[in-house]
Each structure stands twice: as structure tokens, then as C-alpha cells.
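Read the figures in this text as sums done on the coordinates, not as results from a lab. Here the structure is a predicted model, which means the values were calculated and not measured. Cβ coordinates were reconstructed from backbone atoms using ideal geometry, including for glycine residues, and neighbour counts include every protein chain displayed.
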Amino acid sequence: MTTPTQRWLQAAPASLPRLSGAHSTAERLLLLLHYGIDWESSWVARRRETYWSHHLPNRVRLATYIGASDLDHWWAVVSRGLESEPSGAEQRLELATLLREPAVPVLGLLRSRPTSYVLRIRIVAESVQAQRAARRKS
């Protein structure tokens, strides 16, 4: 059985290097954050033009300082700020699992490299979107 983030990552170009350990956890948390946003009516939906370059990386980094103690606290801060929540049982289960990973290395990566992780998430999201559009056409 594959998780939601594994399915999204499968859509990414083969040239995008796969991550492991804390790097993978950081990436997967950001994917769940991105796909949990209400793209129809949230404040984020009205600010799409600066979402990738400003709002997402800044909120991710800021939450590492406010929620610096553990991933649960970090998630509470960043998901509240971006109005994001898992959209189904599979996503909730995966999130619950990821939040039990060691926090210090993940938070360190999200604090020091939010832009590089957001770039990866954007590549994955654009690949998923293209894949979905191709399926609708066929």
C-alpha cells in the first residue's frame, strides 16, 4: 500500500533525486501541508501569485521558530497559518506517522532550507497537476 505522498512523488520527474531520512520527512510534511490547503476559498487561494515564492517558505521557516520543540507543535503553527488540514483518512494516518519522526533534524532542515524544499514540492505539485490533466484528456 502506498501513502498519499508516495503517490504524489511518483509523479515527479525521474531526474528529481529521491530523498531519505529527515530530508524525506520534511518533504512529505510539506506535501501534506500543500495538498491540505483549501484552494477554493482560503486566504492562500487568493494569493497564489506569491504562494511559492513568499507565503509557503516564510510560514514554514517561521513555524520552526514558534514550534521549535517538536513536529506536533510545528505542524499546529504552520497548518493553522496556511489553513491546511489533511483531506482524508489516508492523509491523516500518514501525517500522524510523520509527526512521530525525530523533530530536531527535520526542523533544522525546514529552518535552514525552506526554499529548496518548497522548490521540490512545487516540482511535484506541477507534475501531479500535469498528470491529472493528461488523464482528463484521455
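Structure data summary
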| read-out | value |
| --- | --- |
| Relative contact order (%) - the chain, alpha-carbon pairs under 8 angstrom, separation at least six | 40 |
| The chain: calculated mean residue ellipticity at 222 nm from DSSP helix runs of at least 4, using -39500 (n - 2.57) | -20000 deg cm²/dmol |
| Between helix 71-81 and the chain: long-axis angle, C-alpha atoms, 0 to 90°, nearest 10 | 60 |
| Within region 1-29, backbone nitrogen closer than 17 Å to the virtual label 7 Å beyond the Cα of Leu93 toward Cβ | 1-8 |
| Net lengthening on full extension, Arg100/Thr2 (0.36 nm per residue, minus Cα-Cα) | 33.4 nm |
| Inter-centroid distance (Cα atoms) of region 26-44 relative to region 81-114, Å | 11 |
| Computed lengthening from Ser24 to Leu62, 0.36 nm per intervening residue step minus Cα-Cα distance | 11.7 nm |
| Calculated from backbone phi, Karplus (6.51, -1.76, 1.60) coupling profile of region 56-63 in Hz, x at Gly/Pro | 5, x, 5, 5, 4, 5, 4, 5 |
